[in-house]
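The values are calculated or read from the model by the stated rules, or taken from the named source; none is laboratory data. Model, not experiment: these values are computed from the prediction. As a convention, Cβ positions derive from the backbone with ideal geometry for all residues, glycine included, and neighbour counts pool all protein chains shown.
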Amino acid sequence: MHIIYSYYTQTFKYLINKTMKKYANGADIGGSHISCAVIDLEKESIIRKSFAAQKVDNQASADDILESWTIVFKKSLNSND
């Protein structure tokens, strides 16, 4: 049974690696802004329509700053919808 499971596991991993693209979300977090974009790791390029940016009040509470970051990441990640 273990051999069959191992075979299917390896086959599944191979299919995933062959069919799924790999992406990353890159961010530039500065004292007054955050910018981010999705990066296609296979092509080593930025997906331009995924670029998002927003000003951040560096005097705001940590929760407010993190909320700003969350908004920008969501905009970037949802750009393909």
task = For I39, state whether it is surrounded by 12 or more Cβ atoms within 10 Å (Cβ to Cβ) and part of a strand (DSSP E or B).
result = yes
ask   = Does Q59 satisfy being modelled with pLDDT of 90 or more, farther than 20 Å from N78 by Cβ and of a type outside the set (G, A, S)?
value = yes
